Amino acid sequence: MEDNQTSKENEIIDIKKGYQSHLIHNDKEIFESEMERVFGRCWLFLTHECAIPDYGDYVTTRMGLDEVIVVRQKDNSIKAFLNVCRHRGARICATEAGNTRGFVCNYHGWSYGADGSLQSVPFEEAVYKNRLDKCSHGLYEVPCIESYHGFVYGCLDADAPDFKKYLGDFAWYLDIWMEESGGMELIGPPARCFIHANWKVPSENFVGDAYHVGWTHTSALRSGQSVFAPLAGNTQLPPEGAGLQITTKNGHGLGVLFDAYAGVHGAEMIEEMMAWGMAKHAEIEKKLGEKRGRLYKSHLNGTIFPNNSFLTGSAVFKVWQPHSPTKTEVFTWAMVEKDMPAELKDKISKSVQRTFGIAGYWESEDNDNMESETHMASGTVTRKLKLNSQMGLGGDYQDPDYPGVIGESAIGETSYRGYYRFYNDLINSDSWQEVNDRSSNWITDLTGNK
């Protein structure tokens with residue numbers, strides 16, 4: 001029999017039965033817990049090195065509800081600081097990006113160096129009588145920063161595992177396109193907009209929802225005539241063996257549609273995209289083997305837990321920044337391989353904005369559903385209902401060729417269950433040590449196999 005604590009946890013996330021409470025998408029108390037225990041504890045995407053190549057280059061972004069400044073240093077390292085003056089707490093930097101040797105607060109004029117140190121204070125001798133300890137009043141520095149193949153991530157919890165350990169098995173998949181492709185760039189600045197949706201709704205959609213594509217995107221599939229066009233209107237399922245669902249220990253997951261490198265790009269780009277993918281595939285297969293080589297030329301939809309999503313092939317890179325339980329800021333970049341011709345990079349960038357940009361025809365169809373799912377959770381009775389992620393339940397397994405837990409179909413909800421299994425461990429733990437203890441049987445939790 002379940003103890004009371006386990007029973008209470010299962011009211012929100014029931015891992016074994018594949019349920020989540022609808023409450024998680026529209027509840028202030030849960031949201032506040034997420035800001036502390038998810039965003040205050042996990043590694044979060046900040047920027048790409050290509051956006052801050054030189055000393056003094058900076059971008060501003062968010063880590064949960066905290067605004068941060070990410071700055072390139074003199075020694076070429078990268079630091080991030082809370083965007084808050086240490087005097088009375090006003091915002092230090094109001095611009096999205098730029099280059100500077102320092103930051104000055106508009107309120108009282110406290111001035112900080114690019115390294116975060118407090119450099120000067122107006123009338124310091126006269127008003128502070130030289131008793132102000134400037135060394136202890138520098139900008140608050142984000143304790144953990146790592147660049148992973150040029151993608152910069154930060155963590156507010158000094159006790160968190162390093163980023164490579166945080167990725168775990170998921171690095172095996174990321175390295176195929178982040179590194180072995182020759183490296184990636186993000187074309188910026190990012191497109192930014194707000195949606196009236198909970199941040200988890202798009203994150204879970206990208207982690208493993210191929211089920212909605214043929215129905216939600218019927219119009220986009222028929223008008224764009226991408227390689228996925230035959231799915232329009234749910235006239236057919238992807239054939240057996242067409243893909244996989246994959247989840248890993250720390251909630252990172254992806255879906256695979258084999259041999260679909262051209263992604264959602266329209267008919268006019270398919271031939272050029274597939275030619276590029278096939279040519280690069282040969283050298284990657286030679287270096288990494290058949291399985292990983294094939295993953296490179298396939299289409300991957302995924303999420304690095306908690307809120308960083310991507311579509312390879314389709315060249316979409318997103319971050320879902322929470323502002324409230326029902327408001328999310330969406331950052332969208334086009335991602336391209338470094339050695340692609342400039343003309344192809346330009347075509348991809350424009351295609352990403354047409355499909356998944358602010359007014360993209362794929363994006364708008366998704367947003368309708370995401371906002372609906374969030375809004376409906378405000379209902380007095382509705383919020384007590386369960387969300388179902390049982391597709392493929394009982395059939396997940398381990399495969400010697402692919403790290404993680406695998407669902408053998410292109411359409412399934414294996415990654416949903418893995419995402420919320422880890423989410424549940426975070427929300428119900430007081431430390432990373434407890435998170436790790438809870439996750440010690442994660443494979444059994446998902447597959448039922450001991």
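Brief remarks on what is shown
- The residue pairs whose first member lies in the range 252-267 and is within 23 Å of D169 (Cβ to Cβ) and at pLDDT 90 or above, whose second member is among the acidic types (D, E) and not in a strand (DSSP E or B), and whose beta carbons are closer than 8 Å, counting only pairs six or more residues apart or on different chains, are G255/D209.
- Given (1) surrounded by 24 or more Cβ atoms within 10 Å (Cβ to Cβ); (2) closer than 22 Å to D368 by Cβ, number of the condition A334 does not satisfy: (2)
- Residue within the range 119-135 that is charged (D, E, K, R) and at pLDDT 95 or above present: no
- Any hit, the range 363-375, residues being surrounded by 14 or more Cβ atoms within 10 Å (Cβ to Cβ), in the same structural domain as V256 (by TED's automatic domain parsing), under 21 Å from G18 (Cα atoms) and in contact with a strand residue (DSSP E or B) (Cβ under 7 Å, 6 or more places away or on another chain): yes
Listed here are the residues, each with its yes/no results for (1) touching a strand residue (DSSP E or B) at 6+ places or on another chain (Cβ under 7 Å); (2) in contact (Cβ under 8 Å) with a residue 40 or more places away in the chain.
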site: A97; (1), (2): yes, yes
site: E124; (1), (2): no, no
site: Y128; (1), (2): no, no
site: V142; (1), (2): yes, yes
site: Y153; (1), (2): yes, yes
site: P161; (1), (2): no, yes
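- Filter pass, Y173 being of a type outside the set (G, A, S), crowded, with 21+ Cβ neighbours inside 10 Å and either in contact with a strand residue (DSSP E or B) (Cβ under 7 Å, 6 or more places away or on another chain) or modelled with pLDDT under 95 (or both): yes
- Breaking point among (1) modelled with pLDDT under 90; (2) part of a loop (DSSP other than H, G, I, E, B); (3) surrounded by 17 or more Cβ atoms within 10 Å (Cβ to Cβ), for L221: (2)
The values are calculated or read from the model by the stated rules, or taken from the named source; none is laboratory data. All figures in this text were calculated on a predicted structure; none of them were measured in a lab. Ideal geometry is used to build each Cβ from the backbone, glycine not excepted, and the neighbour counts take in all protein chains shown.
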